[in-house]
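The values are calculated or read from the model by the stated rules, or taken from the named source; none is laboratory data. Since the structure is predicted, the reported quantities are computational estimates derived from the model, not experimental observations. Positions of Cβ are generated from backbone atoms using ideal geometry, with glycine treated the same way; all protein chains shown enter the neighbour counts. Only protein heavy atoms, including side chains, enter the accessible area calculation; ligands, DNA and RNA are left aside. Shrake-Rupley method; radii C 1.70, N 1.55, O 1.52, S 1.80 Å.
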Amino acid sequence: MDDILLLDAVERYLNGEMSQTEKTYFEEIRKNNPDIDQLVVEHTLFITTINNYSNIKSLKHTLHEVETKLSQEGIITKTL
Amino acid sequence: MTENDKFLLEGLANNDKTAIEAIYKTNYTSIQSLVLNNNGDIDDAKDIFQEGIIVLYEKAISGNFDLNCALKTYLYSVCRHLWLKKLQHKQRYTEQIHFLGEIIQVDEEIELHEKKNADFTLMEKAMVKIGEPCKSLLEAYYVQKKSMQEIAATFGYTNADNAKTQKYKCLIRLKKLFFAQYKTL
């Protein structure tokens with residue numbers, strides 16, 4: 001299977017975007033092909049990591065906004 | 001742990017600004033005192049507080065809203081632990097340590113956080129290495145959660161399918177960069 005197609009499949013599988021038929025088919029392919037199974041495991045690990053990265057990146061953005069707001073309001077001291 | 005604590009934790013898991021602001025308002029001052037009274041400055045206090053919130057966030061998104069103690073105690077314990085580690089690292093450890101708050105054991109959470117934090121740094125480095133337009137394309141999709149349609153319009157692809165193919169090509173490159181760093185650790 002093409003790397004791009006496989007990545008797309010893994011992503012949709014993880015996001016719960018596959019139909020039941022497609023899901024069954026995908027799981028069947030994994031069972032019968034250890035190489036694909038290995039790639040799925042690797043992709044899953046990677047996509048989980050990029051999702052974590054994205055979540056933390058967004059959180060840091062919000063933290064920065066809140067910190068700036070509270071500093072302006074004098075709730076957080078800027079300097080000693 | 002109060003109902004309000006649980007509510008705030010759920011808000012934090014959703015990156016909700018109001019919840020985060022409320023957590024800041026009720027906890028920041030005590031964390032700042034903790035850092036200032038133990039060889040740190042304001043910037044250290046801000047950094048430690050942010051990192052503490054990230055640990056709390058990681059706990060919350062794991063689906064575990066039960067801290068077994070008040071949110072305030074949990075956050076204080078995490079920040080205290082993080083600050084102690086930082087002091088040891090900077091070798092600014094003094095004999096007298098002034099910690100007044102009640103604490104609980106958070107070693108496991110911190111350990112998990114450090115692992116995730118290392119992955120975050122590796123991903124950030126890989127994102128820099130990959131360059132443009134891949135970096136912006138991937139961040140538009142994964143961080144800003146934009147649709148492929150919006151991305152196609154922003155970046156000037158003729159259609160969403162082409163943008164999607166490009167996204168996966170970038171992702172494959174990013175994956176190689178990411179794991180290459182992993183292996184050299």
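Some points to look at:
- Among the candidates B:ILE130, B:ILE104, B:ILE53, residue that is closer than 18 Å to A:THR49 by Cβ and β-branched (Val, Ile, Thr): B:ILE130
- Number of residues in the stretch B:49-106 that are open to solvent by 20 Å² or more (accessible area, probe 1.4 Å), at pLDDT 80 or above and within 21 Å of B:ASP119 (Cα to Cα): the value is 10.
- Note on the stretch B:3-43: residues that are open to solvent by 80 Å² or more (accessible area, probe 1.4 Å) and either away from chain A (no Cβ under 11 Å) or part of a helix (DSSP H, G or I) (or both) amount to 11.
- Remark: pairs (first residue in the stretch B:6-28, over 19 Å from B:GLU51 (Cβ atoms); second residue at pLDDT below 95 and open to solvent by 30 Å² or more (accessible area, probe 1.4 Å); Cβ separation under 6 Å; 6+ apart in sequence or on different chains) = B:LYS6/B:PHE65.
- Residue within the stretch A:14-32 that is of a type in the set (A, V, I, L, M, F, W, C) and within 11 Å of chain B (Cβ to nearest Cβ) present: no
- Yes/no for A:GLU11 being exposed (fewer than 15 other Cβ atoms within 10 Å of the Cβ) and either within 14 Å of another protein chain (Cβ to nearest Cβ) or more than 25 Å from B:LEU174 (Cα to Cα) (or both): no
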